[in-house]
Amino acid sequence: MSCPRLVIDLDKIEHNAKELVSRLGEKGIGVSGVTKAVLGCPSVADAMLRGGVDGIGESRLQNVSRLRSAALARAATCNVTLIRSPMLSQIDDAVAMCDASLNSELVVLRRLAAAAVRQGRSHGVWLMIELGDLREGAMVDELPELVAFVLDAPSLELRGVGSNLACQSGVAPDDNNMRELSDIVERLEAEFAVAMPCVSGGNSASLHWALNCTGPHRVTNLRLGEAILLGLDPLYRQPIARLYTDAVVLVGEVIEAKVKPVHPWGTVATTSFGVARSRVGSGTIRQALVALGRQDIDPDGLTPPLGLSILGASSDHLVLADVGSAPPVSVGDEIQFGLDYAALLRAATSPFVETITHSKRDVLAA
Ligand SMILES: *Cc1c(COP(=O)(O)O)cnc(C)c1O
């Protein structure tokens, strides 16, 4: 098998989705599965859909196109929401390929409405509201104009409102900002005499709030990528109970394994990636090089197996200290790493890393 490779266990993805769908379901919250970190991989979308997510959220049309042309019927035909505001230059494709999109600009809504008319389609709209994290979202005083426009446009369908937190400024979803969201929803409902069908509260960072909240709220949906793929709560970087944290792993191959001095010699200046980490200890260590680099991963986001630790990485070499693996690592060995979101994003995007999915279903079908 090719190296490096990203290996995705679809049964674990399905399990993670099912667990989250069930636990959030008890709170009246549905789940959209977000596949952007794996570039809209259709089999991952299919596993999420088997796990019970309501639809797929994608941020890029290239990934949506991959889903739409998939051989897997569930992934090809599911409800897809574009979770980044469409570019004006892509409006026609956004309407043709996506059932709905997240929006915060009147000019975009106007163009969506016109494109939907031209295509004889209806396009769903989620109006994003700025709640303090300062990424996307309309300010509260802009909302009435946006709502009025969507309600008046026959080719647009108001799906609801949404918010996104913890991505730009690290603002944590909590009872306060979620109550603010619910209050805004109720004010808009009163002003326009409509019932807001859905409220999409946020991403994986909202799980902690959603699973622990006790008071009333209006949130009916979360958009979850990281929590399903990695089983991690991004806010506290903790594993989520009863979820697999190894549904996605990265396998790299050792290309050099030698005993080397702990400390470099010569005049030490900076490396291609800034100042090198200082090395601790004395004498020699067993050092292993893996054919994997910053073009493929974020070295800070990799977890090596027990007995190995990461000393650093350049464009295409990852340097490991072999401090206790038995037997010692040798050339040709494959090493399996855990990944955080940043490392996963880069590995899935690197043209040098093959993505391989597997499932017991494949074995049964074969
Ligand atoms: C990426 C993204 C998500 C999913 O984020 P995760 O942390 O992977 O759950 C949800 N909503 C929006 C708007 C996003 O950009």
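Candidates in the range 119-137 are the residues that are without any contact (Cβ under 8 Å) to a residue 40 or more places away in the chain and in contact with an Asp or Glu (Cβ under 8 Å, 6 or more places away or on another chain); of these, the one that is farthest from VAL219 (Cα to Cα) is GLN119.
Here the range 333-352 is the region considered, the condition is being buried (at least 20 other Cβ atoms within 10 Å of the Cβ) and assigned to a strand (DSSP E or B), and the residue that is nearest to the ligand (Cβ to nearest atom) is LEU339.
Apart from one condition, SER65 fits all of (1) open to solvent by 30 Å² or more (accessible area, probe 1.4 Å); (2) within 15 Å of the ligand (Cβ to nearest atom); (3) over 19 Å from GLY162 (Cα atoms); the exception is (2).
Candidates are the residues of the range 234-258 that are touching a residue at least 40 places away in the same chain (Cβ under 8 Å) and hydroxyl-bearing (Ser, Thr, Tyr); the one that is nearest to LEU339 (Cα to Cα) is THR245.
Kindly indicate whether PRO144 is assigned to a helix (DSSP H, G or I) and touching a Phe, Trp or Tyr at 6+ places or on another chain (Cβ under 9 Å). Taking the combined requirement at face value, the residue satisfies it.
Among the residues of the range 265-315 satisfying the criterion of being within 23 Å of VAL331 (Cβ to Cβ), open to solvent by 70 Å² or more (accessible area, probe 1.4 Å) and in a loop (DSSP other than H, G, I, E, B), which is modelled with the lowest pLDDT? Per the criteria, the residue is ARG279. Aliphatic (A, V, I, L, M) and open to solvent by less than 30 Å² (accessible area, probe 1.4 Å), is that true of VAL95? It is true that VAL95 is aliphatic (A, V, I, L, M) and open to solvent by less than 30 Å² (accessible area, probe 1.4 Å). Can you find even one residue in the range 7-19 that is assigned to a loop (DSSP other than H, G, I, E, B), touching a helix residue (DSSP H, G or I) at 6+ places or on another chain (Cβ under 8 Å), modelled with pLDDT of 95 or more and on the phi < 0 side of the Ramachandran plot? Within the range 7-19, none of the residues are assigned to a loop (DSSP other than H, G, I, E, B), touching a helix residue (DSSP H, G or I) at 6+ places or on another chain (Cβ under 8 Å), modelled with pLDDT of 95 or more and on the phi < 0 side of the Ramachandran plot. In a residue-by-residue description of the range 202-212, the property of being within 13 Å of the ligand (Cβ to nearest atom), open to solvent by 10 Å² or more (accessible area, probe 1.4 Å) and touching a Cys at 6+ places or on another chain (Cβ under 8 Å) applies to at least one position. Of all the numbered requirements in (1) away from the ligand (no atom under 16 Å from the Cβ); (2) over 24 Å from LYS36 (Cα atoms); (3) surrounded by 16 or more Cβ atoms within 10 Å (Cβ to Cβ), LEU112 misses one, and that requirement is (2).
Among the residues of the range 152-168, those identified as near the ligand (Cβ under 10 Å from one of its atoms) and not aliphatic (A, V, I, L, M) are GLY162, SER163, ASN164, CYS167.
Taking the range 218-242 as the range and being under 15 Å from GLY51 (Cα atoms), surrounded by fewer than 20 Cβ atoms within 10 Å (Cβ to Cβ) and within 14 Å of the ligand (Cβ to nearest atom) as the test, no residue passes. When ALA195 is tested against the conditions (1) open to solvent by less than 60 Å² (accessible area, probe 1.4 Å); (2) touching a helix residue (DSSP H, G or I) at 6+ places or on another chain (Cβ under 8 Å), the lone failure is (1). One residue alone among ALA75, ALA37 is in contact with an Asp or Glu (Cβ under 8 Å, 6 or more places away or on another chain), within 14 Å of the ligand (Cβ to nearest atom) and within 25 Å of ASP362 (Cα to Cα), and that residue is ALA37.
Among the residues in the range 317-333, are any among the aliphatic types (A, V, I, L, M) and under 24 Å from the mean Cα position of the chain (by Cα)? Break it down stepwise before answering.
If we filter the range 317-333 for residues that are among the aliphatic types (A, V, I, L, M), which is where we start, we get 318-321, 323, 326, 329, 331.
Then drop every residue that is not under 24 Å from the mean Cα position of the chain (by Cα), which leaves none.
No, that holds for no residue.
Scanning the range 162-203 for residues that are under 21 Å from the mean Cα position of the chain (by Cα), of a type outside the set (D, E, K, R) and in a loop (DSSP other than H, G, I, E, B) turns up SER163, ASN164, LEU165, ALA166, CYS167, GLN168, SER169, GLY170, VAL171, ALA172, PRO173, ASN203.
The values are calculated or read from the model by the stated rules, or taken from the named source; none is laboratory data. All figures in this text were calculated on a predicted structure; none of them were measured in a lab. All Cβ positions, even for glycine, are placed from backbone atoms using ideal geometry, and neighbour counts span all protein chains on display. Heavy atoms of the whole protein, side chains included, go into the accessibility calculation; ligands, DNA and RNA do not. Shrake-Rupley method; radii C 1.70, N 1.55, O 1.52, S 1.80 Å.
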